[in-house]
Structure formats: structure tokens, C-alpha cells
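Encoded as C-alpha cells, the structure appears first; notes follow it.
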């Protein structure tokens, strides 16, 4: 049985090995924990740490800053359950939307967040300027952050796009 709850301050060191999967630069991760995130969550399954996430709730549109699932638990639906729980928490808090970002080269994350119901929203150019050495994923240099957004209320859902055939006739 999985449980998700806010982590106590004294539990954060235990979560670092998981959170570093979301932000490999430990210096940047520690800075983020001090300056960007206001809440840290942990996901446990039968007492074992499965995942961790950090969220900045203070903005009009809160943002999941880091989200990671421990390697042995990846690919089993834990990440999707964690995101679903955070989405519901945002609704409980009365938020209108939830943001999450990932690197331009993180192909798996880009697909994952879309499968969770997020839509591409904007790009933060040169977001990863702080990397000491260039990071490369899938042969792509990590430079920009792609930000995804999920509207949390039906009245804000976008209208469906017109069909391709209809656009081509114009």
C-alpha cells in the first residue's frame, strides 16, 4: 500500500538520493530545497521509500519543482500515482492549474508528463546555465526547460483543435 505525505524536515536527508534523480546537480538541488520549494513530499510503499517530490505552492500556478521515483520502483505506475496525488492536492488547495518542467532533452519525462495529462505551455530558455559541465541526454545538450501545465477545472480546458483536413483546405 502506497502512502504519500509531507516529509518532516529531519527526513529530507533520506530523500536526497531519490531527489538527485530529478536534479543531478546536488548543489542545485540543495539550493532548490532552500529557495524554490516550500513543501517536500515522500511516497512510501510498505515502509520503503518509493519517491520524493518538491512543490512550490505559493504561486498562483504552483509548480512541481522536483519529482523522482527510486530506480527499483520505476516503470510500475508509482510516478503517475504520485503526480495524480499532487494534482488532487492542488485542487484541494483551490489552485487553477499546476506546472511542471523538465529538460529539453529528457524525452522520457516529456512523454511521461503528457501521459499524466499535462500540456506543453512554454519554454524557459537557458534554464540549465548552472551546470558545471554540459549534460547530454539522447545526444541532445540540456539547455532549456520545457514547462507543462495542467488546467485543474473543466471551464479552463482548451477547445479541441480543428481537424488537419480542415486546416489544409484554407
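FYI, it's all coordinate maths here, none of it is from the lab. If you're wondering where the values come from, they're calculated on a predicted model, not measured in any experiment. Note: ideal-geometry Cβ built from the backbone for every residue, glycine included; neighbour counts use all protein chains shown.
General observations
- Residues residue 57 and residue 132, FRET efficiency given R0 of 22 Å [Cβ-Cβ distance, rounded to 0.05]: 0.15
- Label-point separation, residue 45 to residue 114 (7 Å along Cα→Cβ), nm: 2.6
- Value of relative contact order over segment 1-158, rounded to a whole percent, pairs C-alpha under 8 Å and six or more apart: 18
- Spatial separation of Cα centroids for segment 82-151 and segment 2-31, in angstrom: 17
- Three-way shape call for segment 1-106 based on the alpha-carbon gyration tensor, with the a/c threshold at 1.5: rounded
- For the chain, calculated [θ]222 nm from helices alone, where every DSSP H run of n ≥ 4 adds -39500 (n - 2.57): -8000 deg cm²/dmol
- Helix 26-35 axis, angle to the chain major axis (alpha carbon atoms, nearest 10°): 80
- Rounded tilt (10° steps) of 78-92 against the dominant C-alpha axis of the chain: 80
- Pairwise label distance in nanometres, residue 21 with residue 88, each label 7 Å out on the Cα-Cβ vector: 2.2
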